[in-house]
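Down below is the structure, laid out as structure tokens.
Read-outs: derived from the displayed coordinates by stated rules, not from any lab. In this text the structure is predicted, and so the values were computed from the model without any measurement. Cβ atoms come from the backbone with ideal geometry, glycine included; neighbour counts cover every protein chain shown.
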Amino acid sequence: MNYAQIPDFSLPLVPTTIVERVPFHADPVLAAIDAHDEAWSVWQAAPEARVAAALAEMSAALDRLLVTPCTTRFGSLTLLRHLRWHIQHDGITDAAVLARAGDLARALHLDFLPVTPPREPVAPILRALMSGAEVAAALVIVFGGMALVGLATLA
């Protein structure tokens, strides 16, 4: 009969993962993210008379954020998370933001890319033609494969 093992809590814990601890001043992108967050918050809460100025400040903070280099992996991950949140929350379709997020995802070897902006709707006739072409290609592949298997079995 097997009994459950009770762990020995008297032993010191050994960390299984190493977490990168980065001081705030070690990576300049962290300060740029903080400045962009502050400008975005000011823009969201700006009164009607100050919206244009707050939008200009937020755009300038975003431009500085996009050109600020990431010197640590933690900074890169933080910037990618920040950009993805703004892409999804604000519906950003700016090519520079999407390109920077895509570059960060590829550099970090992550399998997700930024959300792509929605495409313009395709006309129904064009959609039907594209579907017909896909069906024709599938049929050519299936029947071509059957023909090749048939020829291979004759020999």
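Of note:
- Label-to-label distance, residue 81 versus residue 63, with points set 7 angstrom from Cα along the beta-carbon direction: 2.9 nm.
- Here the peptides 104-110, 29-35 are ranked by packing, the mean other Cβ count within 10 Å, and the order with the highest first is 29-35, 104-110.
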